[in-house]
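To keep things clear, I will list the structure first and then write my remarks on it.
The values are calculated or read from the model by the stated rules, or taken from the named source; none is laboratory data. Everything quoted here is computed from the prediction, not taken from an experiment. Note that each Cβ is placed from the backbone with ideal geometry, even for glycine, and that neighbours are counted across all protein chains shown.
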Amino acid sequence: MSLYKLVTFDATNTLIRVMGSVGLQYGRVANQHGIYANTDEVNKAFKTAWKQMNKDYPNYGVNQGLTSQKWWTDVMKSSLLSVCDKQSIDPDVLSKVANDLYTFFASNRGWEVIPGSEEGLALLKDKGLQLGIVSNFDNRLPNILTDLGIANYFNFILCSSVEKVAKPDADIFKKALHLGNTKAEETIHVGDDLTNDYLGAKNAGLRPIFFQNNPDIPLPDEVSEDSVISNMQDIIKLL
């Protein structure tokens with residue numbers, strides 16, 4: 001019998017991922033409104049805009065009075081404006097693009113389940129384990145997971161914007177332990193981010209498992225080699 005009773009997961013780039021790329025999806029929706037942008041340029045601009053916004057307004061600005069839609073609207077507008085001719089973009093049209101993108105990414109249209117994820121979840125459920133989501137995501141996540149057909153695997157879904165606390169803060173992991181009625185040593189957390197997932201879970205007393213979604217990137221020094229998987233189906237071997 002496994003020592004573990006609960007397995008929690010990060011969402012983005014652990015179980016699900018943006019279909020194609022952010023730049024591709026932003027460009028497609030923008031094109032529908034007559035705004036044309038290069039996919040690679042938008043991808044680069046998005047990374048810059050997201051990092052700056054997350055620095056200025058952490059966790060979607062929920063503790064600074066922002067809504068997640070306002071937070072994402074600013075990211076989307078900044079991403080497009082930095083690669084397009086600002087003088088040629090009607091502000092009202094840009095607002096429509098941002099609104100359409102926010103709705104687009106609220107469903108399964110912009111997302112896909114990473115191969116092996118559902119099979120791994122099914123294996124864990126068959127073992128009688130509780131499963132949960134602990135993700136630095138906004139309140140659209142439950143609907144996205146439902147649309148993708150995997151929400152039913154989880155006993156609970158914790159979104160940082162709803163809980164008003166984000167990984168790597170131990171409090172969001174403690175919320176998961178409370179919902180699962182488990183102790184930290186009985187719980188595994190799986191994720192692809194070194195700081196938020198692996199070290200965050202480890203510092204909270206959980207067993208961390210690093211999801212290496214890109215084998216071309218060297219494994220971080222802090223990660224133990226016996227705590228790494230690259231396919232979710234392999235998690236069963238670590239129980």
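Filtered by the rule that a residue be surrounded by fewer than 22 Cβ atoms within 10 Å (Cβ to Cβ), among the aromatic types (F, W, Y) and within 27 Å of P208 (Cα to Cα), the range 7-56 gives a lone residue, W50. Of the residues making up the range 95-110, those that are crowded, with 20+ Cβ neighbours inside 10 Å, hydrophobic (A, V, I, L, M, F, W, C) and touching a residue at least 60 places away in the same chain (Cβ under 8 Å) are V97, L101, F105. Criterion first (assigned by the TED database to the domain that holds V162, closer than 25 Å to L199 by Cα and not hydrophobic (A, V, I, L, M, F, W, C)) does G120 satisfy it? Judged against the criteria, G120 is a match. Kindly establish whether D90 is within 29 Å of K167 (Cβ to Cβ) and either assigned by the TED database to the domain that holds R140 or without any contact (Cβ under 8 Å) to a residue 12 or more places away in the chain (or both). The answer is no for D90. Of all the criteria given as (1) surrounded by fewer than 16 Cβ atoms within 10 Å (Cβ to Cβ); (2) over 19 Å from the mean Cα position of the chain (by Cα); (3) of a type outside the set (G, A, S); (4) part of a loop (DSSP other than H, G, I, E, B), the one not satisfied by D226 is (4).
Conditions (1) closer than 15 Å to N13 by Cα; (2) over 16 Å from the mean Cα position of the chain (by Cα); (3) modelled with pLDDT of 95 or more, marked per residue:
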| position | (1), (2), (3) |
| --- | --- |
| S117 | yes, no, yes |
| L123 | no, yes, yes |
| I172 | no, no, yes |
| L177 | no, yes, yes |
| N181 | no, yes, yes |
| G191 | yes, no, yes |
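Residues considered: L158, L199, L219. Of these, the only one that is over 27 Å from V62 (Cα atoms), in contact with a strand residue (DSSP E or B) (Cβ under 9 Å, 6 or more places away or on another chain) and in the same structural domain as Q130 (by the TED database) is L219. Taking the range 115-218 as the region of interest, the strands (runs of 3 or more DSSP E) fully inside it that hold 2 or more residues being touching a residue at least 40 places away in the same chain (Cβ under 8 Å) and surrounded by 23 or more Cβ atoms within 10 Å (Cβ to Cβ) are 130-135, 187-191.
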